[in-house]
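Accompanying notes for the structure given below.
The values are calculated or read from the model by the stated rules, or taken from the named source; none is laboratory data. From a predicted model like this one, the values you see are computed outputs, not experimental measurements. We place every Cβ from the backbone using ideal geometry, glycine too, and count neighbours over all the protein chains shown.
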Amino acid sequence: MLQTWRWFGPTDAVSIDDLMQAGVQGVVSALHHISPGDVWLPQQINQRQSDIAHMSNGAASGLAWEVVESLPVSEDIKRQTGDWKQHVRNYCESLSNLRAAGIDVVCYNFMPVLDWTRTDLAYPLANGATCMRFDYIDFAVFDLHILKREQAAIDFPEDIIQAATTRFAKMSEERKKELLQNIVCGLPGAAESLTIEGVRESLAVYNTISVEQLRANLIDFLAEVAPHAQMLGMRLCCHPDDPPVPLLGLPRIMSTQSDYQTILDAVNVPSNGVTLCSGSLGARSDNNLPQMMRQLGDRVHFLHLRNVKRETHSLFGSFHEAEHLGGDTDMVALIAAIVSEERRRQAAGRADVSIPFRPDHGQNILDDHKRTFQPGYPAIGRLKGLAELRGIEAALTHQSIEGSVRAAY
Ligand code: DNO
């Protein structure tokens, strides 16, 4: 497992010097300033590589840009509108430029309009830490009473609608504003930052796009870009929907194991792969992450290791981002499945034996409370996550227990 860390570029509050002290082995980054649909030019890519390769005193960091997260897919490509064909050609050109710079792994998502969605960015926990949270009732308040989406009432269970109506009646103006901001503001990695009017307009454009249509559009996109990536020797990996359910009436197509299987089978080349994000997928009680790793492992090119605690017993409901080894996903079993997959790759003589992973998100703890980070991306909370995750891998691959782990998984 290659221990990587997401770095948002020179403006990131966590510096390359910090990453070195955290002991990371590689960097995940993106050129967030380039609009979706535009080409990433060689000199822009090289500049970011140089930023990653150097510490603040100019000395070599020894770190490289290992994974692109994300090379965003434009809304036009997702809808097949406007200049979408040109955007696909541009996507292929960006891939060629990245490959020429020595970067092989590219993450993207196919979520319409919104990237990941939370109702709280700093939810206080009993021990003083804060974390990101999705409160299903607050989300219903937003959809039914703030956004006032016409079809919203048919998308929520009756008890959630009742609870949302009661809660909205007592909600302070301040919380209403905060809720709006948390849900519609461009979150880290989001391709586009949105206002409420912007959300309404963007949602309206998807009114006519069904789940089947969106899936067909993803397959059309992959039918062009995956063979190109394969020819270049690159690996593409689709990030799941976060959270993995339909939201705001938008179609969602990457929420379950069978969603992934459909897409992998439709464009059946090794470069068409998966970003296994245990936190996103783990918000649904029917997603079994170790099993997904065993079933899809062959095509998992990138891992986001994170945990969520589901707060209800339903298939989907409120959840919060737990500590990396807390929450509802059995992280030890998941890492054991990853280690097994890497063993299989080694035996098969594959070049991509070491799968890049990053500690995805982290709770704000200790000095994180005194600094401003991208929501979900504090320095110490993530460092704690990385330390715990690498500890599991070290234990599972230790020679004294390796045989028993192989037998168990
Ligand atoms: C959030 C991230 C996502 C992710 C994109 C990938 O923390 O996991 O924003 O980067 O969905 O395309």
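Observations on the model:
- Condition met for Ala191 (out of contact with any Gly (no Cβ under 7 Å at 6 or more places or on another chain), within 14 Å of the ligand (Cβ to nearest atom) and either modelled with pLDDT of 95 or more or within 18 Å of Val88 (Cα to Cα) (or both)): yes
- Scan of the range 343-379 for residues that are surrounded by fewer than 18 Cβ atoms within 10 Å (Cβ to Cβ) and within 12 Å of the ligand (Cβ to nearest atom), ordered by number: Gln374
- Unique residue being within 26 Å of Tyr206 (Cα to Cα) and part of a strand (DSSP E or B) when the list is Leu248, Leu236: Leu236
- Residue in the range 320-328 that is within 24 Å of Glu66 (Cβ to Cβ), away from the ligand (no atom under 16 Å from the Cβ), in contact with a Lys or Arg (Cβ under 8 Å, 6 or more places away or on another chain) and touching a residue at least 12 places away in the same chain (Cβ under 8 Å) present: no
- Criterion violated by Ser258 - all others in (1) more than 16 Å from the ligand (Cβ to nearest atom); (2) farther than 30 Å from Gly326 by Cα satisfied: (2)
Listed here are the residues, each with its yes/no results for (1) within 14 Å of the ligand (Cβ to nearest atom); (2) of a type in the set (Asp, Glu); (3) touching a Pro at 6+ places or on another chain (Cβ under 8 Å); (4) in a loop (DSSP other than H, G, I, E, B).
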| position | (1), (2), (3), (4) |
| --- | --- |
| Cys107 | yes, no, no, no |
| Leu114 | yes, no, no, yes |
| Thr117 | yes, no, yes, yes |
| Ala122 | no, no, yes, no |
| Phe139 | no, no, no, no |
| Ile160 | no, no, no, no |
| Thr166 | no, no, no, no |
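- Helices (runs of 4 or more DSSP H) wholly inside the range 1-90 containing at least 3 residues that are over 25 Å from Thr372 (Cα atoms): 42-53, 75-79
- Selection of the range 124-137 for residues being in a strand (DSSP E or B) and touching a residue at least 40 places away in the same chain (Cβ under 8 Å) yields Thr130, Cys131, Met132, Arg133, Phe134.
- Glu93 vs. criteria away from the ligand (no atom under 16 Å from the Cβ) and acidic (Asp, Glu): yes
- Residue match in the range 349-359 (condition: assigned to a helix (DSSP H, G or I) and out of contact with any helix residue (DSSP H, G or I) (no Cβ under 6 Å at 6 or more places or on another chain)): no
- Selection within the range 68-100 - charged (D, E, K, R) and farther than 24 Å from Ile52 by Cα: Glu75, Asp76, Lys78, Arg79, Asp83, Lys85, Arg89
- Of all the listed residues (Gln49, Gln80), the sole one being touching a residue at least 24 places away in the same chain (Cβ under 8 Å), under 22 Å from Asp360 (Cα atoms) and over 21 Å from the mean Cα position of the chain (by Cα) is Gln49.
- Test: Leu203 is buried (at least 16 other Cβ atoms within 10 Å of the Cβ), more than 15 Å from the ligand (Cβ to nearest atom), in a loop (DSSP other than H, G, I, E, B) and among the hydrophobic types (A, V, I, L, M, F, W, C): no
- Within the range 152-179, restricting attention to residues that are within 28 Å of Asn207 (Cβ to Cβ), surrounded by 12 or more Cβ atoms within 10 Å (Cβ to Cβ) and of a type in the set (Lys, Arg), the residue that is nearest to the chain's Cα centre (by Cα) is Lys176.
- Meets criteria (buried (at least 20 other Cβ atoms within 10 Å of the Cβ) and modelled with pLDDT of 95 or more) for Ile183: no
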